[in-house]
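Undergrad: My questions all concern the structure below.
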Amino acid sequence: MSLGDDRPLLSVRRLVKRYGPQVACLDVGFDLWLGEVLGVVGESGSGKTTVLDCLSGRVAADGGRVEYATAVGDVVDVRRLDEPRRRRLLRTEWGVVHQNPRDGLRMGVTAGANVGERLMALGARHYGGIRDAALSWLTQVEIAADRVDDLPETFSGGMQQRLQIARNLVTRPRLVLMDEPTGGLDVSVQARLLDLLRGFVADLGLSAIIVTHDLAVARLLAHRLLVMRAGEVVESGLTDQVLDDPQHPYSQLLVSSVLHP
Amino acid sequence: MSAYNFAYLDEHTKRMIRRAILKAVAVPGYQVPFGSREMPLSYGWGTGGVQVTASVIGPGDVLKVIDQGADDTTNAVSIRKFFERTTGVPTTTRTDLATLIQSRHRIPETPLHAGQILVLQVPIPEPLRWLEPREAETRKMHALEEYGVMHVRLYEDITRHGRVAQTYEYPVLVNDRYLMRPSPIPKFDNPKLDMSPALLLFGAGREKRIYAVPPHTRVRSLDFEDHPFEVEHWDRPCALCGARGVFLDEIIVDDKGGRMFACSDTDYCARRQAEGAIGPNGA
């Protein structure tokens, strides 16, 4: 798809997920354009992660449409895609960065194998080539090349998170779903990770959906914001607009809850 | 003897197992579930292999049983006795004369020929088992041919050891489709799986799976372009028969560190010696 097309990369309509009588997300809808970063903010339990899980297919939604414009130009409804194609899409054009790196990394194999896994899954069969790609991506996420043969367990939390990002970006995805990518990291490490992510979004033309409860992260990374509460989107708009002039009472509460040092 | 049906299993069970075998032959490398029975043998001693053998053996067969290449070890002797008692078919140690061979951990050195059936005992049939713990997920991976993770494992081996350190149960791709664990045969035997003129059947009793490599089926050992698959080789011949290019066992001969390397395939070694071949330690 070229940027000239006036079709969003991802178009979500009336997404619903219930757990029994409990509503996890209700009628969530948004458009995401190529090169855009959408932030989803809200308190714990507001359904942010459920939205992300429904998009990636980790959780089956109960209703709604998720239309994605693929690299070759056709539009697919991700929810109705057959499983081989959906899994393939997740491995090639999409990436998922989990809040806990242990969910997204293979902890028992070296950093190089972690980065190379998606390449091998797509048929790369040249050891040297896979290793070169791994080295190149480790450098790009600011992990020293001599750590390529170390296990992720020996990495700090921030390094593990960056390794997770490298592992996803190695196949050049067009859309990355991130769930609290900076959760559990101290502020200076957070800042470095945010810098890195901003660089990738700018340089690679990535589109991303970032779920976070941290409004500072949202302000730094996201072009647009969705504010969620009790499973519903209560406000959406440009990030600055939502954060500086919140309209909905809940958004106002959320913004005013943040301490400014 | 009359208390038992021919080959121990009742005819309904044999039919069920034969159906599984037919399906396994039709889909090379695919693990077919079957209703594995209790056998008068512990799990891990070849209950799967015994059930497959019992289902395909007929009065006209000549049976050979191998355990780790040898005809005279406990497992081989007891399974051979079991079928002698329950079928009355003649048994042999000679690979070339047998029509049906049940084996644990080896494929004979003597090339198999068309019409023979080799039954291998399998402890763990699932090649993805230690990479993916969920059975539902491994089945999905087979269905969708998502085998990249096996190469992750080979990548790890090369990274840590400079080569693929897996020496037995070396994963293979059957008929360019299904990833298969070729039972715990040494990787030395993997090339014998490829385009074998004999029918190869694999039975896992505890895990209740049967799979097959039909005759003349392509079986490729996984590797990397720049780290091609290699088999083990020894820098010395068999101490007893002088054979080269065969799989050798290391045998400790005294308590002073003495050791010798001899053919793992006892039938092959004995026949070579009978023909006059002699190795450095040969009598």
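The values are calculated or read from the model by the stated rules, or taken from the named source; none is laboratory data. These numbers were taken from a predicted model, which means no experiment stands behind them. Neighbour counts run over all protein chains shown; Cβ positions are idealised from the backbone, glycine included.
Undergrad: For the range A:187-207, state whether one or more residues are closer than 23 Å to A:VAL66 by Cβ and either β-branched (Val, Ile, Thr) or part of a strand (DSSP E or B) (or both).
TA: Yes.
Okay, residues lined up against (1) of a type outside the set (D, E, K, R); (2) at pLDDT below 95; (3) out of contact with any helix residue (DSSP H, G or I) (no Cβ under 6 Å at 6 or more places or on another chain); (4) in a loop (DSSP other than H, G, I, E, B):
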position	(1), (2), (3), (4)
B:MET1	yes, yes, yes, yes
B:ILE21	yes, no, yes, no
B:PRO28	yes, no, yes, yes
B:THR53	yes, no, yes, no
B:GLY58	yes, no, yes, yes
B:THR93	yes, no, no, yes
B:ILE107	yes, no, no, yes
B:PRO111	yes, no, yes, yes
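Undergrad: Continuing with this model, one more query. If you check A:VAL96 against the conditions, is it away from every other protein chain (no Cβ under 14 Å) and either assigned to a strand (DSSP E or B) or crowded, with 20+ Cβ neighbours inside 10 Å (or both)?
TA: Criteria met by A:VAL96.
Undergrad: Only one of (1) away from chain B (no Cβ under 11 Å); (2) crowded, with 18+ Cβ neighbours inside 10 Å; (3) over 19 Å from the mean Cα position of the chain (by Cα) fails for A:SER188. Which number is that?
TA: With respect to (1) away from chain B (no Cβ under 11 Å); (2) crowded, with 18+ Cβ neighbours inside 10 Å; (3) over 19 Å from the mean Cα position of the chain (by Cα), A:SER188 is out only on (2).
Undergrad: Moving to a separate point now. For residues that are more than 7 Å from chain B (Cβ to nearest Cβ), more than 19 Å from the chain's Cα centre (by Cα) and at pLDDT 95 or above, tally how many sit in the range A:106-118.
TA: Adding up the residues that qualify gives 1.
Undergrad: Could I ask something else about it? Would you confirm whether any residue within the range A:168-186 is touching a Pro at 6+ places or on another chain (Cβ under 9 Å) and assigned to a helix (DSSP H, G or I)?
TA: No: the range A:168-186 contains no residue that is touching a Pro at 6+ places or on another chain (Cβ under 9 Å) and assigned to a helix (DSSP H, G or I).
Undergrad: Keeping to the range A:121-149, report how many residues are within 7 Å of chain B (Cβ to nearest Cβ) and surrounded by 19 or more Cβ atoms within 10 Å (Cβ to Cβ).
TA: 3
Undergrad: Now a separate question. Looking at the range A:151-171, is at least one residue facing chain B (nearest Cβ under 10 Å) and surrounded by 18 or more Cβ atoms within 10 Å (Cβ to Cβ)?
TA: no
Undergrad: Can you spot a residue in the range A:146-156 that is touching a strand residue (DSSP E or B) at 6+ places or on another chain (Cβ under 6 Å) and either of a type in the set (Phe, Trp, Tyr) or in a loop (DSSP other than H, G, I, E, B) (or both)?
TA: No, the range A:146-156 contains no residue that is touching a strand residue (DSSP E or B) at 6+ places or on another chain (Cβ under 6 Å) and either of a type in the set (Phe, Trp, Tyr) or in a loop (DSSP other than H, G, I, E, B) (or both).
Undergrad: Can you go through A:ILE165, A:ILE143, A:ILE210 and tell me which one is outside any helix (DSSP H, G or I), within 30 Å of A:ALA69 (Cβ to Cβ) and not small (Gly, Ala, Ser)?
TA: A:ILE210
Undergrad: Restricting the search to the range B:261-282, which residues are without any contact (Cβ under 8 Å) to a residue 40 or more places away in the chain and either part of a loop (DSSP other than H, G, I, E, B) or surrounded by fewer than 14 Cβ atoms within 10 Å (Cβ to Cβ) (or both)?
TA: Listed by number, the residues that qualify are B:ALA274, B:GLU275, B:GLY276, B:ALA277, B:ILE278.
Undergrad: While we're looking at this one, here's another question. Considering only residues of the range B:116-138 that are within 12 Å of another protein chain (Cβ to nearest Cβ) and loosely packed, with under 15 Cβ neighbours inside 10 Å, which is modelled with the highest pLDDT?
TA: B:GLU137
Undergrad: Okay, moving on. Only one of (1) more than 14 Å from chain B (Cβ to nearest Cβ); (2) more than 21 Å from A:VAL170 (Cα to Cα); (3) surrounded by fewer than 19 Cβ atoms within 10 Å (Cβ to Cβ) is not met by A:ASP103, so which one is it?
TA: (2)
Undergrad: Only one of (1) out of contact with any helix residue (DSSP H, G or I) (no Cβ under 7 Å at 6 or more places or on another chain); (2) small (Gly, Ala, Ser); (3) farther than 13 Å from B:PHE83 by Cα; (4) in contact (Cβ under 8 Å) with a residue 12 or more places away in the chain fails for B:GLY49. Which number is that?
TA: Single failed check for B:GLY49: (3).
Undergrad: Among the residues of the range B:236-275, how many are of a type in the set (Val, Ile, Thr) and within 17 Å of B:ASP72 (Cα to Cα)?
TA: Of the residues in that region, 2 qualify.
Undergrad: Moving to a separate point now. Return the only residue of A:ALA208, A:ALA202, A:ALA216, A:ALA230 being over 21 Å from A:ALA121 (Cβ atoms) and surrounded by 23 or more Cβ atoms within 10 Å (Cβ to Cβ).
TA: That would be A:ALA208, the only listed residue that is over 21 Å from A:ALA121 (Cβ atoms) and surrounded by 23 or more Cβ atoms within 10 Å (Cβ to Cβ).
Undergrad: Just checking, how many residues over the range B:43-72 are under 16 Å from the mean Cα position of the chain (by Cα) and surrounded by 15 or more Cβ atoms within 10 Å (Cβ to Cβ)?
TA: 18
Undergrad: So which strands (runs of 3 or more DSSP E) stay within the range B:152-243 end to end and still have 2 or more residues that are more than 14 Å from every other protein chain (Cβ to nearest Cβ) and among the small types (Gly, Ala, Ser)?
TA: B:199-204
Undergrad: Condition first: of a type outside the set (Gly, Ala, Ser) and within 10 Å of chain A (Cβ to nearest Cβ). Now tell me which residues in the range B:139-151 satisfy that.
TA: Matches in the range B:139-151: B:LYS140, B:MET141, B:LEU144, B:GLU145, B:GLU146, B:TYR147, B:VAL149, B:MET150, B:HIS151.
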